[in-house]
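**Q** Input: one structure, supplied below.
The values are calculated or read from the model by the stated rules, or taken from the named source; none is laboratory data. Quantities reported herein were computed from a predicted structural model and do not represent experimental measurements. As a convention, Cβ positions derive from the backbone with ideal geometry for all residues, glycine included, and neighbour counts pool all protein chains shown. All accessible areas refer to the heavy atoms of the entire protein, side chains included, with ligands and DNA or RNA removed. Shrake-Rupley method; radii C 1.70, N 1.55, O 1.52, S 1.80 Å.
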Amino acid sequence: SCCHTQLKSRFQFDLRTPKGAEKLANWLFFDLGLTLIDESECAEYRTRELLKQRGAPTEPPANKDAAREFGLQTVKWPYQLEKVYEGVPRILEALSKNYRLGVLANQSAETERRLQKYGICQYFDLIISSAEIGFSKPDLKIFEIALDKAGCAPSEAYMIGDRLDNDIEPAARLGMRTIWVRQGVFAGGSLKLIHHRPDHIVGGIEDITEYL
């Protein structure tokens, strides 16, 4: 396993916002796609391949279900085109000195192997993927499993992700703190559609260090 064989000693770290409000956190949980991993080339590839098929519309289908309505074959996700956002290794290395880091993501099997390939697996103490757990975000169960395995209360953890519906809202419902990373296709999400406003909103993954 690439994860730390022994978790770091449990401490609570003083987490201060720019306004000086004191907060405590032990764990930082990260989404992967469009949070740590840039999937833009993957999406562009899949769209191009869909539109090559006979019967394809002139505009790309909005999602896989829409593609099926046109009788199109689903294009396999090109994992080889994924890449880590610039600055991510440096950010994770710095944060891992003060926090335990976890992955909490809707991902296929072998997530750990892919993180090894990206060169960032060593920074994570815990990796929770939907394919291996049997629950997917926004189901609260996957968050509860992650917190249980981490051995921390919701108030001791942050959820950091790009989706208001999958990452921010369910985590906040459980009492976790949240950081919404507005990058990728979900950057234009509406706060009016959720009940719990993110604790912090940043324009890119590198900006999370302003609050951690």
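**Q** Report, by residue number, each residue of the stretch 92-139 that is open to solvent by 40 Å² or more (accessible area, probe 1.4 Å) and in a helix (DSSP H, G or I).
**A** Scanning the stretch 92-139 gives Glu93, Ala94, Glu112, Arg113, Gln116, Lys117, Gln122, Ala131, Glu132, Ile133.
**Q** Check the stretch 164-177 and report whether any residue there is part of a loop (DSSP other than H, G, I, E, B) and in contact with a Phe, Trp or Tyr (Cβ under 7 Å, 6 or more places away or on another chain).
**A** Yes, because at least one residue in the stretch 164-177 is part of a loop (DSSP other than H, G, I, E, B) and in contact with a Phe, Trp or Tyr (Cβ under 7 Å, 6 or more places away or on another chain).
**Q** Suppose the filter is closer than 27 Å to Ala25 by Cα and among the β-branched types (Val, Ile, Thr); does Val75 pass it?
**A** No, not satisfied.
**Q** Right, another one. So which of Gly87, Gly20 is modelled with pLDDT under 85 and at positive phi?
**A** Going through Gly87, Gly20 in turn, just one is modelled with pLDDT under 85 and at positive phi: Gly20.
**Q** Any residue in the stretch 170-182 that is under 24 Å from Glu110 (Cβ atoms) and out of contact with any helix residue (DSSP H, G or I) (no Cβ under 7 Å at 6 or more places or on another chain)?
**A** No - not one qualifying residue is present in the stretch 170-182.
**Q** For the stretch 183-204, how many residues meet the condition of being out of contact with any helix residue (DSSP H, G or I) (no Cβ under 6 Å at 6 or more places or on another chain) and buried (at least 17 other Cβ atoms within 10 Å of the Cβ)?
**A** 5
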